[in-house]
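Note sheet for the following structure.
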Amino acid sequence: MSPSPPDPRDRGPRLVRDAALIAVVGIGLGLTYNHAMLLAGDDRALTWVAKERTTGVLDLATPAAAGDATTAATGSAPATSASGGTQTTAPATSTAANPAPAATGTRPATHDSTHAKKGTAKKSTTTKPAPTSAATAHGPAETSEGGAKTAATPASPAGGGPSNAAATSTGAAAGAAANVPAIPDTREPLEANYSVIKALHDADAAVFLDARSAEEYAAGHIPGAISMPFDDVFKKPELAKNLDDKGKPIVTYCDGGDCELSKDLAFSLIDSGHKKVVFFKDGLPGWKSAGNPVSTGSQP
Amino acid sequence: MSGTEAGGLASAPVAASGVSRIALTRPMVRIAQLVIGVILLWASLGKIGDMSEFAREVHNFHLSPLWAEHLIAMTLPWVELTAGLALVTGLRARAGAVLALALMVLFTIAVGAAWARGLDFRCGCFGKASAATIGPAKFVENVGFALLAAIAALRPRG
């Protein structure tokens, strides 16, 4: 065998060093790129350190969680999500204007993989009333923290209380009428417990979406649920955008447990402009284990 | 090929050093470098275009500490990019291939671990460019890419 001219760069140590150099250059470029986007206030920038968010779990027993979640989630600024080392939008955060923060039922439901414009994230964690302009575009229910709290609270049969704002929201009105929890407008999908899901389903107060494949949907789904596989939405985001939610909140679910499809679909729906989106973490297994019926076939 | 030349990472990535002597000519290795380089470029650009989405995918793997997830999401695509550029342009191509091999092995382990735990989510391996979910097909795909990267890292004959 005729040996090729030895190239010192092909030697092991040199090769490893060059590979490490390439990696370091890449890391440096990535950090620089993200830093530049942060400085520019680009929404696509990531916070330097990911923080777990404690999004309120919507539960009939813990209405305050939803209320605080609304406060954290509403508002027109794209900086609703935590960012840049700023405080995360923890619904349980107690502030002067949130006298009844969620004491229970909070958990890391969503991941702070989102972003924020520099200097605006903290605003989202305060209880400053959401700008009216943002609320008018999607319903007055999010115009104030008072309204948000009311909207998030399971509506009483009497519909009493400071429900001026909530009553004008389609979702809130439906909730009040049927004694089901009104889903607050959010910029992050919220997790809903079984009790909320069951109430919404029984009152026909939400659009249910099955995020699994069409085959899995046909094998069994929550009665009335529409098949919307996340994979399809991922390929055609207009599916989420064109979804007619009939003014109702949207509930996504999949197989529960480690199934992330429902959350992914919920994020896609939020990204496409829907405002009232919750995901049912327990999914179909949780639905079935509670003794509820399941429909089969390709139709809701 | 002398024993010295055959040492180190020149043949270590693959137990097929014999194969490299027999079949892997320089054009073949170069083709492997180009293919894996293009794959890396494609994957990186898809992720860089939507880092927050990629950060969510990183989170879904539940393999890294929470505080590191954003750092991974903002740097990993760029490492792929630089490795891909090295492979495609031929500048430090073998070093790029070694890095690509390391990345592919890492990805294969991550996908395998997620699959083994029964996790069901979109891989995010190519950012927005692919909706493939975790599963056997994705695992096999990653093994294939790792083998390709290993071939690209070999010293060609002649």
Practice task
Just one of (1) touching a residue at least 24 places away in the same chain (Cβ under 8 Å); (2) under 13 Å from the mean Cα position of the chain (by Cα); (3) within 7 Å of chain A (Cβ to nearest Cβ) trips up B:Met51, so point out which.
Solution key: (2)
Fill in the blank from the handout: B:Met28 fails exactly one of (1) more than 19 Å from B:Asn142 (Cα to Cα); (2) of a type in the set (A, V, I, L, M); (3) not in a helix (DSSP H, G or I), namely (3)
Exercise for the section: Could you list, in sequence order, all residues of region B:81-93 that are at pLDDT 95 or above and facing chain A (nearest Cβ under 7 Å)? Expected result: B:Leu81, B:Thr82, B:Ala83, B:Ala86
Completion exercise
Exactly one of B:Phe126, B:Phe139 is farther than 23 Å from B:Thr75 by Cβ, over 11 Å from the mean Cα position of the chain (by Cα) and of a type in the set (Phe, Trp, Tyr), and that one is B:Phe139
Exercise for the section: Please work out which residue is surrounded by the fewest Cβ atoms within 10 Å (Cβ to Cβ), limiting yourself to region A:255-286 and to residues that are within 11 Å of another protein chain (Cβ to nearest Cβ) and acidic (Asp, Glu). Expected result: A:Asp258
Fill in the blank from the handout: The residue from B:Leu63, B:Leu81 that alone is touching a helix residue (DSSP H, G or I) at 6+ places or on another chain (Cβ under 8 Å) and surrounded by fewer than 20 Cβ atoms within 10 Å (Cβ to Cβ) is B:Leu63
Practice task
Among the candidates B:Leu71, B:Leu41, B:Leu91, single out the residue that is out of contact with any strand residue (DSSP E or B) (no Cβ under 7 Å at 6 or more places or on another chain) and not in a helix (DSSP H, G or I).
Solution key: B:Leu91
Problem - Every residue from region A:228-254 that is surrounded by 21 or more Cβ atoms within 10 Å (Cβ to Cβ), more than 10 Å from chain B (Cβ to nearest Cβ) and either out of contact with any strand residue (DSSP E or B) (no Cβ under 8 Å at 6 or more places or on another chain) or assigned to a strand (DSSP E or B) (or both) - result: A:Ala240, A:Ile250, A:Val251, A:Thr252, A:Tyr253
Exercise for the section: Quick one: A:Glu191 ticks every box in (1) outside any strand (DSSP E or B); (2) buried (at least 17 other Cβ atoms within 10 Å of the Cβ); (3) of a type in the set (D, E, K, R) except a single one, so which number is it? Expected result: (1)
Problem - Residue ID - modelled with the lowest pLDDT, chosen from residues in region B:113-158 that are surrounded by 21 or more Cβ atoms within 10 Å (Cβ to Cβ) and part of a loop (DSSP other than H, G, I, E, B) - result: B:Phe121
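The values are calculated or read from the model by the stated rules, or taken from the named source; none is laboratory data. All values derive from a computational prediction rather than experimental measurement. Cβ sites come from the backbone with ideal geometry, for glycine too, and all protein chains shown count toward neighbours.
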